[in-house]
1. Please identify, among Asp41, Asp88, Asp215, the residue showing maximal mean-square fluctuation in a Gaussian network model of the chain using a 10 angstrom Cα cutoff.
2. Near Arg36, within a Cβ-to-Cβ distance under 9 Å, what is the net charge of the other residues, with Lys and Arg +1 and Asp and Glu -1?
3. Quick check: pseudo-label points 7 Å beyond the Cα along Cα→Cβ at Thr260 and Gln111, how many nm apart are they?
4. Which length gain, in nm to one decimal place, applies between Leu57 and Arg93 when the Cα-Cα distance is subtracted from 0.36 nm times their residue separation?
5. Quick one: Cα centre-to-centre distance for the stretch 5-57 and the stretch 90-158, in angstrom?
6. Hey, rough spin-label estimate for Ala42 and Ala213, points 7 angstrom out along Cα→Cβ, what's it come to in nanometres?
7. Say we join alpha carbon atoms closer than 10 Å with springs in a Gaussian network model of the chain; which of Pro104, Pro259, Pro223 then has the biggest fluctuation?
8. Based on DSSP H runs of at least 4 residues, each adding -39500 (n - 2.57), what is the mean residue ellipticity at 222 nm of the chain after dividing by all its residues, to the nearest 500 deg cm²/dmol?
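Laboratory data are not the source of any read-out in this text; all were calculated from the coordinates shown. All values derive from a computational prediction rather than experimental measurement. FYI the Cβ positions are ideal-geometry reconstructions off the backbone, even for glycines, and counts take in every protein chain you see.
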Amino acid sequence: MAGPIPLDTSDPARLGGWELLARLGTGGQGMVYLGRPLDPDARPSRVAVKLLHARLLGDADARERFVRELALLQRVAGFCTAQMLAADMAGDRPYIVSEYVPGPSLRALVQDRGPRTGADLDRLAISSVTALSAIHRANVAHRDFKPQNVLMGPDGPRVIDFGIARAFDAGATLTSQVVGTPAYMAPEQFAGRAGPAADLFAWAGTLLFAATARDPFAGGSLPAVMYKIMHETPDLTPLPGPLAEVAAACLSKDPSTRPTSEEVLLWLLGHRS
């Protein structure tokens with residue numbers, strides 16, 4: 001997300017017990033605002049409020065996805081995401097209130113300060129896959145892991161935006177419509193199949209972006225991006241040896257051969273089995 005920008009005249013001034021102060025960003029499902037509690041003694045003093053887009057209010061599927069996002073946020077450990085604080089799903093304008101993470105997205109950070117290197121890149125790799133491991137342990141597949149959805153908070157990366165995430169049963173493969181951001185989608189996602197293994201493919205691509213400031217498969221039309229993902233392997237030389245080895249395993253075209261998030265974490269910590 002970018003930094004806060006002023007409210008538009010079309011934006012509500014408050015939602016429930018929160019005053020809206022500024023816009024933080026927008027996505028496919030809703031607008032995210034910086035807010036504060038109307039009660040001056042309430043804590044935290046700043047929150048993020050995600051409001052379902054007005055154009056989606058009559059869309060039953062969109063409302064269902066919003067409700068599902070809330071349910072998944074409640075399952076995931078708070079340290080690895082922006083912790084859910086409150087919600088109203090029954091009102092005219094459904095919204096979710098979560099912890100405000102004061103920090104740029106990984107994409108914004110890299111675009112502003114340049115590629116991550118050395119210990120910074122190592123810390124990013126370990127902390128982000130730790131978050132992904134916690135998400136998977138909650139039986140949740142994110143399905144849209146990318147630099148925009150990693151907030152670089154003061155206490156480490158937080159994975160946000162569970163709008164297209166899904167719960168899964170251990171060992172199952174999720175099947176649905178094609179979802180995700182094309183440049184970070186695993187090959188199987190183009191066939192509508194996306195489980196935790198797809199998140200590891202996207203994690204490796206995100207790590208490569210952090211090291212190069214370039215999207216590994218981007219460029220050209222959607223069919224061109226799909227072809228690259230299905231048939232090409234990006235240049236991993238910008239990554240140091242150990243990270244390149246892990247990333248190569250996660251970028252396997254066959255999801256059954258990719259390591260799990262827990263295996264990647266152990267690998268990075270030097271405990272590869």
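1. Asp41
2. Values: positive: Arg46; negative: Glu19.
With Lys, Arg at +1 and Asp, Glu at -1, the net is 0.
3. It works out to 3.6 nm between the two label points.
4. Numbers: separation 36, 0.36 × 36 = 12.96 nm, distance 0.73 nm.
Stretched out fully, the Leu57 to Arg93 stretch lengthens by 12.2 nm.
5. 20
6. Simple spin-label model gives 4.1 nm for this pair.
7. Among Pro104, Pro259, Pro223, the largest mean-square fluctuation in the Gaussian network model of the chain belongs to Pro223.
8. Values: 7 runs with 89 residues, N = 273.
Computed mean residue ellipticity for the chain: -10500 deg cm²/dmol.
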